[in-house]
Structures are given as C-alpha cells and as structure tokens.
Amino acid sequence: MADRATIQFNDVTLELPVIVGSEQERGLDIAALRAKTGAVTIDQGFGNTASTTSAITFLDGEKGILRYRGIPIEELAEKSTFVETSYLLIYGKLPSKTELADFSRLLTRHSMIHEDMKRFFEGFPGTAHPMAVLSSMVAALSSFYPEAIDIKNREVIDITIARLLAKVRTIAAFAFKKSIGQPFIYPRNELSYCANFLNMMFAVPAEQYPMDDDAVKALNLLLILHADHEQNCSTSTVRLVGSAQTNLFASISAGVCALWGPLHGGANQEVMEMLDQIHESGESVDKWIARAKDKNSNFRLMGFGHRVYKNFDPRAQIIKRSADTILKRFGINDPKLDIAKRLEEVALKDQYFIERKLYPNVDFYSGIIYRALGIPTNMFTVMFALGRLPGWIAHWKEQIESPTARIGRPRQIYTGPTLNHYVGMEQRA
Ligand code: CMC
C-alpha cells in the first residue's frame, strides 16, 4: 500500500504528499500546512525536519552508512584522493583522467593569494584563533574577486570554486605561520594538494621540508573523511546563506564560523585538550567517565555522541585504525591514544552511554593523527574546515542551481509580551 499522511487540525483535514528519496527515506511535505490550517510546525534543533532534498551524500545513522554520491566512505578512504573526492562531491561523478588532471591543474594555478591579502595577517594579534583568521580571510576573498557575485554564470562559479579550494589551503598554512612568527612559505606547483599544504605548514626558507608519503596519505584520508556530512550545522548555514543568493566566498565564511563551535567542528580541539587534561591529572579514566555522566559537572565526553549516528560513526572506525598505523610508522608512542582507547572501552560498556547510543564520533581520534603530523591543537578545526570545504561548495552549488529553491526563512512561535505601549523615561519605575 502506498504511503498516506493526513493531518487533522481542528476541523481541517489535510492530506500531505509523501516525498520518497532514492534510499526510501520518507518526508511529509507540509508546504500547504500554514495556508490551509493557520498553524506551523515546531522542531527544536531540526531533529525531524528535512530542509531540502539533496543528491550529494547519503547517511544512515542506524546502520553506520556514509556515502558520497552513492560511493561508500570506506572505498573512497582506501582508493581516492582528496582532490578526486572533491570533484566527485562538487560535480556529481568521479572525474575522467583528463577531468581530474584539469581540475588539479586549476587548484595548483590558483593557489597563491593576492600579495595585498598577505598584509591582512599582520593586523591580527599573534594569539588570534586560526578559525577567526580563516573566516575573515575567506570573506575577504570576495573583495579580490568581485565577479564572484555573478552566481548565475557557470564559468564564474567554476573558477570561484577552484580559487576557494586552492586558496583556503594557503590561507590556513599562512595563519599557522603567522601564529608561530615564521615567514610564509609560498605554494609549489610540482607538489600535490596535500603535499603542498604540508610544505607550506612546515618548510622554512632555511630548510626544505622532507616530504613523507605516509604523512601525505594520512592527510588525504582525514580530509576525505571530513569532506561532507549532509545537512549538519555548518552545511545548513552555508545553504541558508546561499539561499539569499549570497556569493560562494561569503557563504563559506559563514560555514567556517558555524563549524568553529565546540559542539560541531570545534570538538576535535576540545577532544585533544580533554585527553591532555586527563593525562596531566593522573586521575583514572573511570573518574572522568563518571564526571561525563554527572549532569551537575558541566563536562561532556568530547568526541562522543552524534545527532545522526546511533550505532557507530564509520569515519571514527577508519580513523581509529589509521591512528594505530600512523603512530607506529612515525615511531610515536602517544599516551593520549591509550587514554582515548580506554575511554572508549569504558564508555561503550557503560549503561549511560549504551542507553543514549553515544559512540565515538569523527573527532575522537582525528586529533591524535593531526598531532602526529605536527599540526598543533588550535589548528585542528581549521583542518576540519579544509576537509569540509568541497561538501560546503557542493551544497551551495546544489542550492544555487535548484530551480525550486526559495530563500530560507523559518517561522517561529512568538512567546514575548503581547501588545505593550511605550512608556516615557519619567514614568518608568
Ligand atoms: N558526553 C556525555 N553525555 C552526552 C554526550 C557526551 N559527549 N553527548 C550527549 N550526551 C547525553 C546528553 O546529556 C543527553 O542526556 P539526557 O538524555 O540525560 O539529557 C543525551 O546524551 C542526548 O544528548 P543531546 O545533547 O540531546 O544530543 P544532540 O543530538 O542534541 O547532540 C552532540 C549531539 C554531538 C552535540 C552531543 O552528543 C555532544 O555534545 N557531543 C560532544 C561534542 C562533540 O563531540 N561534537 C562533535 C560532533 S561530530 C562532528 C560534527 O559533525 O560536528
């Protein structure tokens, strides 16, 4: 029997069309609700609300499935590169050999930033969080490439996408160099996307950075795993800003700000700080687990729990495996990895975490690999942003190109004072 949905509100009965996705997800279309009944729906945190249809990423939180354009994340993690995955997300298919070569060439060609932009870095205090620098710089790109506002022009969109992917990597590395007081290292055209980033981060004019294939591979892996995650907080932000037909640079800058929050991308920095704190405290893991369960403690086990994954986060499983391999490969014995594993072991047996379906998420182990690559803790969320960039771009593009898209403008249920008149200063109590 075909799905049927009806809403009965007072004396109005409304039949709701059921939208069925390619993976048989069902959505009740309430577009006519307010006009027919005068009522709206309310759904704090959007736990039950699809803001859009989308053909980019499929995710099943119960089964732990994540696929970009239909391809399982496990296959991409094993076989793809970040640049190829970016193309897949943005343009909807795996590139041919020529398409990939052309795309890579574009990213290489556009990797330098305008010399005047370099001076912006001087205006930030040395203590500036690199996410503050990143969001400002991304928004500032629109002043150097004002043609980006022409969002109906296919060629402009393509070149803006290439500029953004190429330059964000340079901006991120420059932000790091500024924070440690070292000279900026320019991109080098003979290096691949990830190798170029590592070189800009760690080379100095006096000495070359010895490129390590395993480090490049690890970075590719982490960026692929972060590349998209459908309608999360930052992606929804990018789409919402884009729905006002805002240019790509400005929309992505808003996404960077959303990602910064500790409940979202900022969690990877918080996880590492938490592991450091546990290590330094010398206290048992059980004590910290007890603290995470105590509602009066204000402490949450960072890197645990997810709005959508209620079984396991496939990205966390891949990262955990590669953390072991990479630390072994670099000969690093990081006690934080042992603490993380112990936390996971204890939490997964604990009724509190079992009942609430709280599992390690993508941020739980990623910091351990970033640290092994030499990336400092305050750059972790920037790394997340670098990885999430193609996903944000793909969603912005899908939003802009949709013939049925409307400006995003949620309703509200007003709970403030009813009609209330202005009182002159002398009459106020
Ligand atoms: N530690 C302890 N308790 C937790 C945790 C945690 N990490 N996460 C959720 N809970 C409890 C929460 O207190 C609540 O308990 P109760 O039902 O007794 O009130 C219950 O589990 C449900 O939590 P919620 O906050 O209502 O769940 P949510 O879906 O709104 O939030 C979350 C999801 C990811 C924000 C949350 O799990 C969290 O704060 N985790 C820690 C931060 C983190 O790791 N964020 C990264 C998310 S993955 C990367 C990304 O996509 O951004």
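The values are calculated or read from the model by the stated rules, or taken from the named source; none is laboratory data. If you're wondering where the values come from, they're calculated on a predicted model, not measured in any experiment. Here the Cβ positions follow ideal geometry from the backbone for every residue, glycine too, while neighbour counts run over all protein chains shown. The area values use the complete protein model at the heavy-atom level, side chains included, leaving out ligands, DNA and RNA. Shrake-Rupley method; radii C 1.70, N 1.55, O 1.52, S 1.80 Å.
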- Message: Tell me whether the stretch 167-174 contains one or more residues that are aromatic (Phe, Trp, Tyr), open to solvent by 10 Å² or more (accessible area, probe 1.4 Å) and farther than 24 Å from ASP102 by Cβ.
- Response: no
- Message: When you check PHE299 against the structure, is it within 12 Å of the ligand (Cβ to nearest atom), of a type in the set (Phe, Trp, Tyr), in a loop (DSSP other than H, G, I, E, B) and over 18 Å from LEU59 (Cβ atoms), yes or no?
- Response: yes
- Out of all the residues in the stretch 66-89, which are farther than 13 Å from ALA227 by Cβ and open to solvent by 40 Å² or more (accessible area, probe 1.4 Å)? GLY70, GLU74, GLU75, GLU78, LYS79
- Note on the structure: Flagged pairs (Cβ under 8 angstrom, 6 or more apart or on separate chains; first in the stretch 2-20, under 14 Å from ALA35 (Cα atoms); second modelled with pLDDT of 95 or more and basic (Lys, Arg)) are VAL12/LYS36; LEU14/LYS36
- How do the pairs read when you match residues in the stretch 298-310 that are on the phi < 0 side of the Ramachandran plot and basic (Lys, Arg) with residues anywhere that are at pLDDT 90 or above and more than 8 Å from the ligand (Cβ to nearest atom), using Cβ under 7 Å and keeping only pairs 6 or more apart or on different chains? LYS310/GLY61; LYS310/GLU62; LYS310/LYS357
- Residue, modelled with the lowest pLDDT, within the stretch 285-296, restricted to residues that are charged (D, E, K, R) and within 13 Å of the ligand (Cβ to nearest atom): LYS295
- Task: Take the residues in the stretch 270-284 that are in contact with a Phe, Trp or Tyr (Cβ under 7 Å, 6 or more places away or on another chain) and either assigned to a loop (DSSP other than H, G, I, E, B) or away from the ligand (no atom under 11 Å from the Cβ) (or both), then tell me which one is farthest from ALA372 (Cα to Cα).
- Result: ILE278
- Look at ARG371 and say whether it is buried (at least 24 other Cβ atoms within 10 Å of the Cβ) and among the basic types (Lys, Arg). no
- With respect to ASN232, is the statement that it is open to solvent by less than 10 Å² (accessible area, probe 1.4 Å) and within 13 Å of the ligand (Cβ to nearest atom) true? no
- Positions within the stretch 130-156 being polar (S, T, N, Q) and closer than 18 Å to ILE400 by Cα, in sequence order: SER142, ASN153
- Note on the structure: Checked the stretch 302-326 for anything more than 17 Å from LEU348 (Cβ to Cβ), within 12 Å of the ligand (Cβ to nearest atom) and of a type outside the set (Lys, Arg); matches are VAL308
- Going through the stretch 90-106 in order, the residues found to be open to solvent by 40 Å² or more (accessible area, probe 1.4 Å) and of a type in the set (A, V, I, L, M) are LEU94, LEU100, ALA101, LEU106
- Message: Please go through (1) open to solvent by less than 80 Å² (accessible area, probe 1.4 Å); (2) within 16 Å of the ligand (Cβ to nearest atom) for LYS357 and return the number of the only condition it doesn't satisfy.
- Response: (1)
- Starting from the stretch 208-228, keep only residues that are at pLDDT 95 or above, then list their pairs with residues that are open to solvent by 50 Å² or more (accessible area, probe 1.4 Å) whose Cβ atoms are within a distance under 6 Å, requiring at least 6 positions of separation or different chains. ASN220/THR81
- Any chance you could count how many residues in the stretch 311-326 are out of contact with any Phe, Trp or Tyr (no Cβ under 8 Å at 6 or more places or on another chain) and open to solvent by 10 Å² or more (accessible area, probe 1.4 Å)? 7
- Name the pairs whose Cβ atoms lie under 6 Å apart, with the first residue in the stretch 344-361 and touching a residue at least 60 places away in the same chain (Cβ under 8 Å), the second more than 12 Å from the ligand (Cβ to nearest atom), and 6 or more positions between them or separate chains? VAL346/VAL285
